[in-house]
């Protein structure tokens, strides 16, 4: 990393290298050390991190199954390690620890521009789906179909039904939903504004992005609050905030937001930058919860990760396995058992679903695991947390990865449904509303919190272990991906 600034990786060698692999190994090892010393040593001494990281991220989940307290210790120790190790290079070149990022506010501040829409608030839950807007009985039938096919968990369907029965819940204007990564395709901004909500938006200074968001806000029934730099000119030209370089300023701006605050983490970046942004957001989260202890949190978990899943999902997968066709049996035999392996050992409770995609890389895995760790830790501290497993979705970031795009194009052949962004972000926004209005209590074990209301697209309930099927799906989907 040449000429680093803002939130950066620590120096890991005498040559001044800021190694992403060294940071990943160390954080995973520290997370495991208190509960699984053997696993910690294996992670610390892994020489092929970029290829073998998947085994160590799976071990983080497996080691945590011993008890709820064990899982919570892994989460807390992982976050502590990340905060101890990551660094901040200030504008004057001084390098400090991540926790010291807020000790010296950056010069200048942010103002606020507020846009109140002129539209009429939607007071019925509708879900865009393949060119239609599902509502009423059509929505109920779609939820039934998804549950029957194992595309979503039954608790997810029930949560959506509950929101549909309480359309007044859609108006979230009593909560200030601060969306970090406001321009994200999977984010809830558009849905919340349609429903008349109050959204506080944070994203980079990109005029085109802000132009789109402001236009959405003007047409909506909600209110959008935007951070702006001092000066004259159009709002979209002055809007934006940089989490990597201006943490104290963003923290101060959000800290001054009036009313009940929910901090939503929807940020994404390519490669190593994703870990840097994840660390910045987590530091911001700690800071805001310190000064505003009632701050609620929301996250979207990626379906391409490792999760413990309920017995019912294991049994669904087993039924599908028993009904598999002759072709799949032949493929399994001729591949020497590498293709189309069984998802779970019979009777597993919970089962371990490993849907990690190697092409996404260890930086993506760490950034997303940090979010799960923060959700677990914040719940243990009494915070309201909404973390939901989102479905596989055709976002721009997915489609530019040729291997993943091809796998998604062929995934339907194995029972996985890949969603369009409009369907995913509205579904996830409805689940966020459900959590806000029902405040579900923490489960006995964090894995149960993560499994609740999951919309995994079928990855938890298909017959085959996803890594043994997605490669074949990619081959079958290559034509569709090119299209």
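The values are calculated or read from the model by the stated rules, or taken from the named source; none is laboratory data. Computed from a prediction, not measured in an experiment: that's the story for all the values here. Here Cβ is always computed from backbone atoms with ideal geometry, including for glycine, and neighbour counts include all displayed protein chains.
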Of 33, 18, 51, the only residue that is over 21 Å from the mean Cα position of the chain (by Cα), in the same structural domain as residue 84 (by TED's automatic domain parsing) and free of Cβ contacts under 8 Å to residues at least 40 places away in the same chain is 18
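Have a look at 395, 376 and point out the one that is buried (at least 24 other Cβ atoms within 10 Å of the Cβ), touching a helix residue (DSSP H, G or I) at 6+ places or on another chain (Cβ under 9 Å) and assigned by TED's automatic domain parsing to the domain that holds residue 420.
376
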Reported set for the stretch 66-83 where residues are more than 21 Å from the chain's Cα centre (by Cα) and in contact (Cβ under 8 Å) with a residue 40 or more places away in the chain is 67, 68
Given the conditions (1) without any contact (Cβ under 8 Å) to a residue 40 or more places away in the chain; (2) within 22 Å of residue 276 (Cα to Cα), every one holds for residue 158 apart from (2)
Among the residues of the stretch 447-467, the number that are assigned to a loop (DSSP other than H, G, I, E, B), under 27 Å from residue 70 (Cβ atoms) and out of contact with any strand residue (DSSP E or B) (no Cβ under 7 Å at 6 or more places or on another chain) is 2
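Would you say residue 340 is buried (at least 19 other Cβ atoms within 10 Å of the Cβ), assigned by TED's automatic domain parsing to the domain that holds residue 451, touching a residue at least 60 places away in the same chain (Cβ under 8 Å) and within 24 Å of residue 427 (Cβ to Cβ)?
No: the conditions fail for residue 340.
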Exception for residue 4 within (1) part of a helix (DSSP H, G or I); (2) under 21 Å from residue 361 (Cβ atoms); (3) in contact with a strand residue (DSSP E or B) (Cβ under 6 Å, 6 or more places away or on another chain) falls at (1)
* **Test: residue 82 is part of a helix (DSSP H, G or I) and either surrounded by 19 or more Cβ atoms within 10 Å (Cβ to Cβ) or assigned by TED's automatic domain parsing to the domain that holds residue 350 (or both)** => yes
Over the stretch 378-397, the set of residues under 30 Å from residue 71 (Cα atoms) and within 16 Å of the chain's Cα centre (by Cα) is 378, 385, 386, 387, 388, 389, 390, 391, 392, 393
Residue hits (the stretch 106-139; surrounded by 14 or more Cβ atoms within 10 Å (Cβ to Cβ) and assigned to a loop (DSSP other than H, G, I, E, B)) are 106, 109, 110, 117, 119, 121, 122, 125, 126, 135
| Among the residues of the stretch 58-65, is any more than 25 Å from the chain's Cα centre (by Cα) and in a loop (DSSP other than H, G, I, E, B)? | no
- Query: Scanning for something in contact with a strand residue (DSSP E or B) (Cβ under 6 Å, 6 or more places away or on another chain) and under 26 Å from residue 322 (Cα atoms), does the stretch 433-441 turn up at least one residue?
  - Reply: no
